[in-house]
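The structure appears below as structure tokens.
Nothing in this text is a laboratory measurement; each read-out follows from the coordinates by a stated rule. Here the structure is a predicted model, which means the values were calculated and not measured. No Cβ is skipped: glycine too gets one built from the backbone with ideal geometry, and neighbour counts run over all protein chains shown.
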Amino acid sequence: MSGFGGFVLRRAVGTVITLLAISVIVYVVFYATPGNVAQITCGPRCSPEQVHQVAQQLRLDDPLYVRYWHFLQGILVGQDFSTGTSVEHCSAPCLGLSYQGDTQVTQLILAKLPVSLSLVFGAMVLWLILGVGTGILSAWRRGRLTERVLTGITLAGVATPVFVIGLVLMIVVCGQLQLLPFPQYVGLTDDPEQWAWNLLLPWLSLALIEAAAFARLTRAAMLETLAEDHIRTFRAYGVGERSIIGRHALRGAFAPIIALNANNVGSAVGGAVLTETLFGLPGIGQELVHAVNVVDLPVVVGMVLVIGFFVVIANAVADVLYAVADRRVVLV
Amino acid sequence: MSLVEVTDLTVGFGSLRAVDGLSFRLEKGAALGLVGESGSGKSTVASALLGLHRGTGADVGGSVRVAGIDVQEAPDAELRRLRGGKAAMVFQDPLSSLDPYYAVGDQIAEVYRVHVKASRRAARARAVEVLDRVGIPDAARRARSRPHEFSGGMRQRALIAMALACEPDLLIADEPTTALDVTVQAQILDLLHTLREETGMGLLLVTHDVGVAAESVDEILVMRHGRAVEHGLVGAVLGAPAQAYTQELLGAVPRVDAPRTASAVTEEVVLEASGLRREFGRGKKAFVAVDDVSLTIHRGETLGIVGESGSGKTTLGRMLVGLLEPTAGEIKPGGGVRPDVQMVFQDPVSSLNPRRSVGESIADPLRAQGERDEGRIRGRVRELLERVGLEAAHYDRYPHEFSGGQRQRVGIARALAADPRVIVCDEPVSALDVTTQAQVVALLAELQRELGLALVFVAHDLAVVRQVSDRVAVMRRGRIVEYGPADEVYESPRDPYTKQLLAAVPALDPEVAAQRRTARRQLTAV
Amino acid sequence: MSEAIVASQAPGTDLASVPGASGARQFWRRLRTQRAALVAAGVVALLVLLALAAPLLTAIEGQDPTTYHPSLIDSARGGVPVGSFGGVSGDHWLGVEPQTGRDLFARLVYGARVSLGVALGATVVQVLVGVVVGVAAALGNRWIDQLLSRITDIFVAMPLMIMSLALLAIVPSSFPRPLLVAFVIGLIAWGNTAKIVRAQTLTLKGLDYVSAARLSGWNTWRIARRELLPGLAAPVITYAALLVPMNISAEAALSFLGVGVKPPTPSWGQMLTAANVWYQAAPQYLLLPAGALLVTVLALTVLGDGVRTALDPRAASRLRVGTGRKREAKADADSKKATADADSKKATADASAKMAATEADSKKATADASAKKEAEA
């Protein structure tokens, strides 16, 4: 198997293996911890009967690999849960039941997903435009005042934690200046204008930080390309600065930008958790923090797996895009 | 009006004067070779002709006129018209000189449209036309390939095609063949020759290789330290050099037709390799680097292994010293059993650990053999340093304090420290200037005579190999195609590939060069 | 004579830029030329001093970070401190916390201890795991390399915030919290360090001087110790210098979310959580931890940039990139993707240098693709 198709296929197989490995690690870490798993799973406020019921549902008498197998089965084909009196069917992908709200984890996640996706994707558009734009501007005006100012701003940007900038933005824009309302999530399909208006601030807080990283990277990648021999060739052939920056140097920065964007999905998800908590947006992140605080293990495991899923897929897609952007990369 | 008029040109980078008061002229349609060793400022002159130093902070003085344009004074727009339009440049490394992300044809079309008002389509057609002109087969299709899909020679052809696109009056070629194999080099030089005959453009050829200049230009200008040493017709300068430096330079150039002075070859076998084979990768990606190679090396002799890139010569060398395990075949030391094969490496930068003093590097084999007495170690290392022409006091210095040639001497001392019977030299002089090269080659010969060493000299340069070798093995695609006494191989080669290689070696005498060119045409015509 | 020319005149022969050529001295020389990095180093030193001297300083002030001062709280106004500027006084240099009246100065300097301590601890764990895994992958056979590289990939893909958030939730609270946070961050986010180390080791392994050492007859262990590890120092220190500020952000984020360092141990992240409620009544309660965090992370980032400039890891890998061997070529591509958020070192260096210098420098500057900071949070 060779060529590009082969590479994509190998990468896809690798991604599936990675996902399986992550599910094993997560499952083992959370369900094979010393102590009374049923008690931890159910949470500190469970009655002994509830704990017993949980122990049955988790099949604690079975060996670990059997339990994992059931868990995996649930994700792939669905699973039935006995809730004492009745049998509840949980269809694939089933991530188990939450013991706090007595709801299915999958439903819980699906309900919160639009908020988080709105936040992350909207912010991503912003940070790519802002970051890459700033980077191009810095590379173009290299050695001038513009570049020094931008360099200072971006440096401050990468050094600022997302919750600090979010707090400051919220206090200044919503509190002091009262330019925007304190964000309240409104569904995209309900009212697109309100959706964007309310998400503006969360988008900005998340995007400003990420944009700084992109600006630094874009600038550096372009400067590196500008120092390469082929740029000298085009200069020696009378090609103008605009074409050299916009066509040749920018093209050289594509691959690093894609790689950074993939790697940043993970950190952006972390940033999204903080942003949601800070602005009180009812997304996955807020739910995860809540589940962690009340120790609702099935929800935590489900959330971690779902987020891990998105991050791994994003990485795989980026790998393929990277190979497309930089065909010189060795396809192994 | 001359095509190029350079008057009292100086180029300085900070405190360094790269070019120092250089003047010359080049008439329309003429060809001038700028020849010099590294640091002579020859490439800086080439850049100055196109005003490439503008805006880089270099101090440029004097005047440069190219095709009637004053390069120093011209406004940016006019300078851009000059670049590529009236004077085009071909660079040394054809891979890095093209944008890896765009199709070759598009890059040529882009340059064309900078200078000629043309539609995208017309520009592409022009790109295909010039690619065809420089001998790229199936040019219309290949124009859509990106540079890494081309071989080295094809890339250089593509760069020349870019230069031709706007029909310039002057072609500036900066070491255009240095990164290429000798047979490809000959093709490129022949191409430049033909193009010049057909278009009548002037040529300024910058090269470190006197032979390359002799092949391609009418006049030659020898540079050193940014100044002109000697300037005249090729035949005059190379035939009867007037200046001491030119004489020294020419004396150091290895000649492919000069046999080696006989050495004390014995019949005692020190290393024997039989049926060597080495594969890299596995499955469908497997690649045979060395295939069924058998060699015998005798005490006191030099075996030259010569071949172009990818011929497997370096892999063979690494197997002989034991750095690579052969996939099949065996290597037997003659007589002794101790590991007595050492290596001198090509790259003087990476072959010494930058964090350790050279003395410590040389002492490595001694310590590894179990020597504990510091006094004895230091004594032996000092002795070795002096033996290779350095000073005993250099023990505590670090590699970056040495020049390339000196580092190569350190590498030789390190190899000697293990008291080997055989030293494999992997391109030991290819990174060095020609005068340094001659000194290192002389040192190796001297050591061989004194110590009765056997040398395996791996190189791509046929002339250097002839200069040092008693016997020669010619490699191609992992196999030895010809193997025998050096004089026989060089004077009456039997294998067609060996003949092709020898015909491709640039000659110092312009008349011989012309003969060889004819011979090459016949060889390729067959 | 001509040899001397090569050494002294040929521009771009890389003679002077061989990394570690004269070791620490050259490093200091290059670092000294960067004003911003020096200022940052000063700030970092001051912060470390503050953190170390926290008990002494609070003793001088006569306060401690955990004692409640109900008398200083105006319960009628909802719990804001009595007096102007949040209750700043000779006794309480930076005022007191709303609601509880705990001394802010004491909480701030003790918070610095937590912040720096956890970040350093996490960095040490990351570097140790990364170096061991990276070197083992590079020197091991094909299978070991495959296995370790896959595991590394998994850890690179793991979102630090999410994993540590989840992990910290299930560990019993009896475990010393700051230590736990350091370990969790360190054990999750070592992937990029391992990738960089592996790539660098492969590059070094292909260099001729390592071959020469093998020919001398040394064994693998000795070669790894004498020839490889010193060459790894520069890239590892460089990357570690970038990890520290990321880890500070990560710890603060976790504490902000309430799963990191738990009360009563003071932490800047926690202080920010509370500030979320109190910013209008007691603004300095927000400004203090936010400012401290900002200054610390900024100073460490600038210092990290300076260290990178001074060590110039790209020069090392430019010595020679692969010799046609796929594993090396792939590793190089990998490291390009992994080398953390590249940006040009010129960011902090003297930006007014001539254009030529900018270009030449940026070549040395990392550029590169990047993995960036999971911890940015």
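Just how many % of Cα pairs in the protein assembly as shown lie over 52 Å apart, if you round to the nearest whole percent?
Within the protein assembly as shown, distances greater than 52 Å cover 34 percent of Cα pairs.
Let me know the shape class of the range C:34-312, please: from the alpha-carbon gyration tensor, a ≥ b ≥ c as square roots of the eigenvalues, rounded when a/c is under 1.5, otherwise prolate if a/b is greater than b/c, or oblate.
It comes out prolate by the Cα gyration axes.
In Å, the Kirkwood hydrodynamic radius of the range B:352-418 over pairs of distinct alpha carbons?
Answer for the range B:352-418: a Kirkwood hydrodynamic radius of 11.5 Å.
Would you mind computing Rg(Cα) / (2.2 N^0.38 Å) for the range B:195-349, counting N as its residues?
Ratio of Cα Rg to 2.2 N^0.38 Å: 1.51.
Loop only per DSSP, at most 15 neighbouring Cβ atoms within 10 Å: give me the chymotrypsin sites (Phe, Trp or Tyr not before Pro) in the range A:187-250, ordered by residue number.
Here no loop site has a sparse enough neighbourhood.
Counting pairs of Cα atoms in the range C:87-205, how many percent are more than 17 Å apart?
In whole percent, the share of Cα-Cα pairs in the range C:87-205 beyond 17 Å is 66.
Is it possible to state the helix-based mean residue ellipticity at 222 nm for the protein assembly as shown, with each DSSP H run of 4+ residues giving -39500 (n - 2.57), the sum divided by total residues, to the nearest 500 deg cm²/dmol? What is it? All intermediate terms of the calculation are to be shown ahead of the outcome.
Numbers: 48 runs with 677 residues, N = 1235.
Value at 222 nm, helices only: -17500 deg cm²/dmol.
Within 10 Å of each Cβ in peptide A:151-159, how many partner chain Cβ atoms are there on average? Round it to a whole number, please.
On the way: counts 7, 4, 0, 2, 8, 4, 0, 14, 14.
Mean number of neighbouring Cβ atoms from other chains: 6.
Report, in degrees rounded to the nearest 10, the 0 to 90 angle that the Cα long axis of helix B:434-451 makes with the longest principal axis of chain B.
10 degrees
Regarding the range A:171-274, what is the average projected area of its C-alpha convex hull, in nm²? Provide the component values of the computation, followed by the final result.
Numbers: hull surface 37.2 nm².
Result: a mean projected hull area of 9.3 nm².
So how strong a dipole does the range B:418-483 carry about its Cα centre when Lys and Arg Cβ are +1 and Asp and Glu Cβ are -1, to the nearest 20 debye?
Details: 7 positive and 9 negative charges, 77 e Å.
So the dipole magnitude of the range B:418-483 works out to roughly 380 debye.
Using a Cα-Cα cut-off of under 15 Å, which aspartates and glutamates could be cross-linked to C:Lys262, ignoring same-chain neighbours fewer than 8 residues away?
C:Glu251
Scan chain B and hand back the longest stretch that contains none of the trypsin sites (Lys or Arg not before Pro) lying in DSSP loops with at most 11 other Cβ atoms within 10 Å. Display every interim value, and only then the final one.
Details: sites that count: B:Lys117, B:Arg282, B:Arg372, B:Arg494.
Looking at chain B, B:118-281 is the longest stretch - no exposed trypsin sites (Lys or Arg not before Pro) with at most 11 other Cβ atoms within 10 Å.
Could you tell me which helices of chain A pass both thresholds, a Cα extent of 20 Å or more along their own axis and a mean Kyte-Doolittle hydropathy of at least 1.0, with helices taken as whole DSSP H runs?
A:3-31, A:105-140, A:145-159, A:297-325
Over every pair of different alpha-carbon atoms in the range B:312-448, take the mean of 1/r and invert it; report that Kirkwood radius in Å.
Working: mean 1/r = 0.0642 Å⁻¹.
Taking every pair of different Cα atoms in the range B:312-448, averaging 1/r and inverting gives 15.6 Å.
Treating only the Cβ atoms of Lys and Arg (+1) and Asp and Glu (-1) as charged, compute the dipole magnitude of chain A about its Cα centre; round to the nearest 20 debye.
1660 debye
Above 16 angstrom, tally the Cα pairs of the range A:129-183 and express them as a % of all pairs, no decimals.
Values: 831 of 1485 pairs.
Cα-Cα pairs in the range A:129-183 separated by more than 16 Å: 56 percent.
Taking 28 Å as the cut-off for C-alpha to C-alpha distance, list the pairs among B:Lys284/C:Lys205; B:Lys284/B:Lys313; B:Lys28/B:Lys117; B:Lys313/C:Lys205; B:Lys313/B:Lys499; B:Lys285/C:Lys205 that go past it.
none
Please report, largest first and rounded to whole Å, the three semi-axes of the ellipsoid equivalent to chain A, where each semi-axis is the square root of five times an eigenvalue of the C-alpha gyration tensor.
Details: eigenvalues 392, 144, 45 Å².
Sorted largest first and rounded, they come to 44, 27, 15 Å.
Rounded, prolate or oblate: pick one for the range C:153-237, where a ≥ b ≥ c are the square roots of the eigenvalues of its C-alpha gyration tensor, a/c under 1.5 means rounded, and failing that, prolate if a/b is larger than b/c, else oblate.
Prolate shape, in that a/c is at least 1.5 and a/b is the bigger ratio.
With 5 Å bins from zero, work out the P(r) of the range B:372-510 over every alpha carbon pair and list the percent per bin.
2, 8, 17, 18, 17, 14, 9, 6, 5, 2, 1, 0
If you consider only alpha-carbon coordinates, what radius of gyration and Dmax does the range B:413-458 have, in Å?
Over the range B:413-458's Cα set, Rg and Dmax evaluate to 10.6, 29 Å.
Two-decimal Rg/Rh of chain B from alpha-carbon positions, Kirkwood Rh?
1.00
Give me the extension gain from B:Arg376 to B:Arg227: residue separation times 0.36 nm, minus the current Cα-Cα distance, reported in nm with one decimal.
48.8 nm
What is chain A's relative contact order, in percent, from Cα pairs under 8 angstrom and six or more apart in sequence?
Contact order relative to length: 24 percent.
Normalised by the empirical 2.2 N^0.38 Å for globular proteins, what value does the Cα Rg of the range A:118-247 take?
That ratio works out to 1.32.
In square nanometres, what is the average projected area of the Cα convex hull of the range B:389-435?
Taking a quarter of the hull surface, the average projection is 4.0 nm².
Which of the GluC sites (Glu not before Pro) across the range B:203-312 are loop residues per DSSP, with 10 or fewer other Cβ within 10 Å?
Filter output for the range B:203-312: B:Glu267.
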